[in-house]
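Comments concern the structure below.
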Amino acid sequence: MSSGGRRGRKEEPEEHENHERWLVTYADMVTLLMVLFIVMFAMSSVDQKKFNALKDGLAAGFGDSTSVMTGSESIMEAPGVAAVQPVKPDNFMAAAPAAQRAQQALARQDEEYTEAQAEVARLDALGERLADALRKAGLNGDVTRRVDDRGLVLSLTSRHVVFEPDRAELSRRGQRVLEAIGPVLRGATEDLRIDGHTNQVPVKPRFFATDWDLSSARAVTVLRYLQEVGRIPGERLSAAAFGHEVPLVDPRKPGSQEINKRVDIVVLSQLPAGSRELLDDVAAARSGGSHDSTEGGSS
């Protein structure tokens, strides 16, 4: 029995151990390395978009992706790699709604107009003080005044004040006018510009090469009188010459030549350019549409 039992029991075959399993892993690793080098070779000319796609793909394949969900590709040329532009104040203005920008522009215009109104009122007050000084001296008919985009303009337009033909010396009456207005101008704070003008008669001046020379000499004569006699500081004074190019009235009108031959003393406004450009309109509105204010007219 015992011998039969041993014959009836089938012996288990001995398991054969495979000593070459590492070759499979090695082959897989070599294949992956080969694919990696092929991809790197294909991308030897760096394309940022392709590099980002490869990076995301490898990260997802090795389980290292930080994305919770996968989705479609960005429509941007190179998402996530554009340089951050510096933030400037102008960018906020550009992004502001059109209605807001329009409101800001209107507010600025209102502010400039208010500044121009206050300036015209101040310059008119200075003009009245100058007119009072001329009236007290009995010379109220020798100066025309107005306000324009330069400031307060005093035009010495009378034939008694403006120089004799072709000459640059002040008459005695002209000296009296400057003596009367000098103290008022000296008490002001604005800079003064002296503009010389000749009339439009097409005749060469006898004692000067051109009208430019004559108008320049007249302006400098008035400037020197205001500084030397009127004691106005020189740093507040400047001179300009315009020849016959800027007539005060239409040269075709009778008597215009006596008026256009003049010297202007300009009390320069200190407003910013935007507000200063409105002075002419505000002055016209205050005077009912006329830009000039004349004390006694010009003869």
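Legend: Rg and Dmax of the stretch 155-278, from Cα coordinates, 14.7, 43 Å.
Each residue of the stretch 165-180 was assigned a 3J(HN,Hα) from its phi angle through the Karplus curve 6.51 cos²θ - 1.76 cosθ + 1.60 (θ = phi - 60°); the sequence is x, 6, 10, 10, 8, 5, 6, 4, 5, x, 4, 5, 4, 5, 5, 6 Hz, with glycine and proline shown as x. A simple spin-label model places the labels of D166 and A240 2.9 nm from each other, with each point 7 Å out along Cα-to-Cβ.
The string of couplings for the stretch 276-287 from the Karplus curve (6.51, -1.76, 1.60, θ = phi - 60°) is 5, 5, 8, 4, 4, 5, 5, 5, 5, 5, 5, 9 Hz, one whole number per residue in order, with x for Gly and Pro. If you model the stretch 99-219 as an ellipsoid using its alpha carbon gyration tensor, with each semi-axis the square root of five times an eigenvalue, the axes come out at 35, 21, 11 Å, biggest first. Near G151, the amide H atoms lying under 5 Å from its own belong to S269; only residues 5 or more places off or on other chains count, and H is placed 1.01 Å from N. Ordering 240-248, 33-41 by mean Cβ neighbour count within 10 Å, with the highest value first, yields 240-248, 33-41.
Quick note: the coordinates plus some simple rules give every number you see, no bench work behind them. What you see is a predicted model, and the numbers here were worked out from it, not measured in a lab. Because the Cβ atoms are built from the backbone with ideal geometry, glycine has one as well, and the counts that use them run over all protein chains shown.
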